[in-house]
Amino acid sequence: RMPDLDIKAKIIGRHPLPDLLSHQSPTIRVTGAVESIWPEMEEVDVFVFPMTRGAGLQNKVLEALRARRPVIASAICAASLPNENEH
């Protein structure tokens with residue numbers, strides 16, 4: 001038997017689509033734009049960046065890493081970061 005997991009998702013970003021807003025529930029929160037990302041970072045354990053386009057992708061990932069949180073990112077997000085294996 002799988003243990004009960006207390007998993008919650010917080011979706012942050014400007015102009016969330018109406019379809020995304022319709023999925024809000026006690027376990028899924030859509031914030032839209034936020035004044036500061038730092039208070040939000042204190043409340044999460046893992047950041048997920050599924051974005052395929054947009055401005056500031058690298059900065060968003062770097063902010064999550066600076067907050068010392070694990071990051072799961074799309075290939076486009078990850079490609080914008082330096083790779084320690086590439087010299």
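The values are calculated or read from the model by the stated rules, or taken from the named source; none is laboratory data. Computed from a predicted structure; not experimentally measured. Don't worry about glycine lacking a Cβ; one is built from the backbone with ideal geometry, like all the others, and counts go over all protein chains shown. SASA here: full protein model, heavy atoms, side chains in, ligands and nucleic acids out. Shrake-Rupley method; radii C 1.70, N 1.55, O 1.52, S 1.80 Å.
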Note to self: Given an 8 Å cut-off on Cα distances and at least 6 residues of separation, report the relative contact order of the chain as a percent.
What the structure shows: 23 percent
Next item on the list: Taking H placed 1.01 Å from N in the peptide plane, check which residues at least 5 places from Ala9 or on another chain put their amide H under 5 Å from its amide H.
Entry: Ile28, Arg29
Margin query: I'd like the accessible area for Ser36, computed on protein heavy atoms only with a 1.4 Å probe and all protein chains in place. Round to 10 Å², please.
Written below: 50 Å²
Next item on the list: Would you mind counting up the charge near Pro70? Only other residues with Cβ under 14 Å from its Cβ, with Lys and Arg at +1 and Asp and Glu at -1.
Entry: +1
Checklist line | Expected 222 nm ellipticity per residue - DSSP helices of 4 or more, -39500 (n - 2.57), all of the chain, to 500 | finding: -6000 deg cm²/dmol
Item checked: Accessible area, probe 1.4 Å, largest first, for residues Val71, Val46, Val61 -> Val46, Val71, Val61
Check: Taking H as built 1.01 Å from N, whose amide H comes closer than 5 Å to the amide H of Phe49, not counting residues under 5 places away?
Finding: Ile72, Ala73, Ser74
Notebook entry, point to check: Roughly what angle does helix 57-66 make with the longest principal axis of the chain, taking Cα atoms, 0 to 90 degrees, to the nearest 10?
Noted result: 80 degrees
Next item on the list: Mind jotting down the three principal axis lengths of the chain based on Cα atoms? Whole angstrom, largest first.
Entry: 46, 38, 23
Notebook entry, point to check: For the stretch 5-53, what is the largest minus smallest coordinate of the Cα atoms on each principal axis, given in angstrom and ordered from greatest to least?
Noted result: 25, 24, 22
